[in-house]
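Worksheet for the structure shown next.
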Amino acid sequence: MHDKSIRVHSEEVTRATKEALIRRGVMIEDIADIVYEMQSPYNEGLTMQHCISSVDRVLNKREVQHAVLVGIELDELAEKKMLSAPLQQIIESDEGLFGVDETIALGSVFTYGSIAVTTYGHLDKQKVGIIKELDTVPGDHVHTFLDDLVGSIAACAASRIAHRWRDLEEMGQTFASVDPTGFGKKVKKLAEI
């Protein structure tokens, strides 16, 4: 039976999500590197700090947090050989026809629109940056879900930047006029600055 009176505070979920990524060897900066590589050619004034802030904002979304926590848990259980057969072998081998990893990652991407969806598809195929490292790591590590989740986070953060660029462009500004540390806040119009 479920006890609906038990609530997990959002700060605890955010902290657990970030800790899970770090535990699995993924830093926010690793994801931001992917975002910067994808968005810097199109966004004048974009800095790495803008990308880090964008990734951080994405990691504050419940849909993303839940996907990360579930996916990482399944990867870790597979590493410990704690899943039932045949699921254990399917996840451990990252079987090509097993699409649940992409489905969970894609579910969180939908909150950031069609740009995020197409960006995720590109990252899933091209294996950019740390995504490739996670997908090809030798040894007993299982990253069946993690590589896709990192791709989804990067796609969402890149989408945030693309949408913000459009807002800035319409106001005659560039990312040079956006404080990277306050990047999660709404863009002010020229008249408000």
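Out of 53, 108, which single residue is open to solvent by less than 30 Å² (accessible area, probe 1.4 Å), modelled with pLDDT under 95, assigned to a helix (DSSP H, G or I) and within 20 Å of residue 162 (Cα to Cα)?
Details: 53 fails: modelled with pLDDT under 95.
The unique qualifying residue is 108.
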Exercise. Just wondering, is there one or more residues in the range 19-39 that are more than 22 Å from residue 183 (Cα to Cα), of a type in the set (D, E, K, R) and part of a helix (DSSP H, G or I)?
Worked result: yes
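If a residue has to be part of a helix (DSSP H, G or I) and not acidic (Asp, Glu) to count, how many in the range 56-105 make the cut?
Counting residues in the range 56-105 that are part of a helix (DSSP H, G or I) and not acidic (Asp, Glu) gives 24.
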Problem set entry | Answer from 152, 114 - the residue that is among the hydroxyl-bearing types (Ser, Thr, Tyr) and either open to solvent by 40 Å² or more (accessible area, probe 1.4 Å) or in a loop (DSSP other than H, G, I, E, B) (or both) | 114
For this session: Examine the range 71-84 for a residue that is within 25 Å of residue 173 (Cβ to Cβ) and open to solvent by less than 60 Å² (accessible area, probe 1.4 Å), and state whether such a residue exists.
Result: no
Exercise. Does the range 155-169 include one or more residues that are open to solvent by 10 Å² or more (accessible area, probe 1.4 Å), in a loop (DSSP other than H, G, I, E, B) and either under 23 Å from residue 104 (Cβ atoms) or among the charged types (D, E, K, R) (or both)?
Worked result: no
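The values are calculated or read from the model by the stated rules, or taken from the named source; none is laboratory data. Nothing here was measured: the structure is a model prediction, and the numbers come from that model. Neighbour counts run over all protein chains shown; Cβ positions are idealised from the backbone, glycine included. Just so you know, the surface numbers come from the protein's heavy atoms only, side chains and all, with ligands and any DNA or RNA stripped out. Shrake-Rupley method; radii C 1.70, N 1.55, O 1.52, S 1.80 Å.
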